Amino acid sequence: MQVEQLLSMQKQKIKRRVIRLSDSYPIKKSGAAKQNIFIREIPICSGGVGAGLWEAGEMMSRWIYRNSDAIKANFTGCLELGSGVGLTGIVMSTFIPTVMTDYKQALLQNLRYNIWSNSDCTDKDDLFNTPAEFTYFKSHAELIKQNAQIAYIDWFDLNQLNPPEEDFERAQLLPFNQSLNLINIISNKFNLIIGSELNYCVETVDALVNTLEKYLNKNGVFWEIISLFRGVGPKLFMTKLKNNGFEVEAREAEEYMYNGIESCQRKRNETYMMWTIYKKGTANVMTFGNGPLVDWENIEYTLAAE
Ligand SMILES: C[S@@+](CC[C@H](N)C(=O)[O-])C[C@H]1O[C@@H](n2cnc3c(N)ncnc32)[C@H](O)[C@@H]1O
């Protein structure tokens, strides 16, 4: 789509959202959230598909929040692929060290901005409904500051350390006085890799398989959440992983993960699968989702009807 078309559709705005996490959903407008995450979304023509938050990202964040004790007991670090605006990685970083990644300069700058928004407490007290919410924010902010890092990963070019330069207008998204500060993880392996909505097109399937093979420890696990409305990409990806010696498990997203989320995907009533992927023979794997296994090789993968 051309930039002019996006402009005419008013998709050029910077948008700010507060994502509220709690023990149950939906949270009433006046009700207290346990954790508030500030997210800035950027224009689509700067950030592409990662410019805005996807419903699956919010759903995965809810699950991470609810299962944080088990996550802390099982893992000492996490890599997120295709972080987009960074909600899921930021929530994970309140529990364990987390490296968020993406492949566009604008997205990386926006990730730095969103980490800063959630880790800097200056003049934020009047943003909260109650003093208790601000106290929660401050305790999380310190953890996010310590644990959240950013790295560049392009699934198609795994040896590159830095994003290509983009034009001035697209790359003015950093917080005042801050630099991008990317870390180098090119030789690292991770026991936990996560991602939401990564297999949204068939063209990236092989590159994503290679990315996982490179970064996942031999005893590690990969969790992904994706809608069943993304065509054949997810099934192709999972089949390739199975052929490469991975165990592939699918579970349906849990009811609370959907409740009260407002998005175009919810208007279409999309259904999500939670995937757990690990090398055959790995013991004591923490699964993504607790429900019964779904026979993923025999379910229907469609495209969303507009
Ligand atoms: C559909 S978006 C999902 C974003 C985010 N996970 C969420 O749920 O809101 C897919 C993400 O993958 C990233 N991505 C796409 N192609 C990529 C590539 N070749 N290398 C690295 N990241 C890529 C996009 O920039 C985007 O952030």
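Read the figures in this text as sums done on the coordinates, not as results from a lab. Everything numeric here is computed off the predicted structure, so don't read it as measured data. Ideal geometry is used to build each Cβ from the backbone, glycine not excepted, and the neighbour counts take in all protein chains shown.
Some observations on this one:
- Working from label points 7 Å from Cα in the Cα-to-Cβ sense, the Asn67 to Leu127 distance is 2.9 nm.
- Residue with peak Gaussian network fluctuation, the chain [Cα springs, cutoff 10 Å], from Ala207, Ala33, Ala73: Ala73
- Taking the square roots of five times each eigenvalue of the Cα gyration tensor of segment 185-306, the equivalent ellipsoid has semi-axes of 24, 16, 14 Å, listed largest first.
- Of all DSSP beta bridges in the chain, antiparallel share, percent nearest 5: 60 percent
- Counting only Cβ charges, +1 for Lys and Arg and -1 for Asp and Glu, the dipole size of segment 160-234 around its Cα centre is about 420 debye.
- Residue order, fewest to most surrounding Cβ atoms within 10 angstrom, among Asp69, Asp126: Asp126, Asp69
- In plain terms, the chain from Gln178 to Ser139 could stretch by 11.8 nm, reckoned as 0.36 nm per residue minus the Cα-Cα distance.
- The chain, helix-only ellipticity at 222 nm - DSSP H runs n ≥ 4, -39,500 (n - 2.57), divided by all residues, nearest 500: -8500 deg cm²/dmol
- Exposure proxy for Cys78, Cys264: other Cβ atoms within 10 Å of each Cβ, ordered fewest to most, give Cys264, Cys78.
- FRET efficiency for Lys29 and Thr287, using Cβ-Cβ distance with R0 set to 41 Å, rounded to 0.05: 0.75
- Hydrodynamic radius (Kirkwood) for the chain, which is based on Cα pairs only, to one decimal in Å: 19.8 Å
- Put a dot 7 Å past the Cα of Arg266, heading toward its Cβ, do the same for Lys189, and the two dots end up 4.1 nm apart.
- Taking the C-alpha atoms of segment 250-306, convex hull volume expressed per residue in Å³: 107 Å³
- Residues Thr239 and Asn159, FRET efficiency given R0 of 25 Å [Cβ-Cβ distance, rounded to 0.05]: 0.40
- Whole-number D in µm²/s for segment 40-191 (Stokes-Einstein; Kirkwood sum over Cα pairs; 37 °C, 0.692 mPa s): 205 µm²/s
- With neighbour counts taken as other beta-carbon atoms within 10 Å, the residues Glu300, Glu255 rank, fewest first, as Glu300, Glu255.
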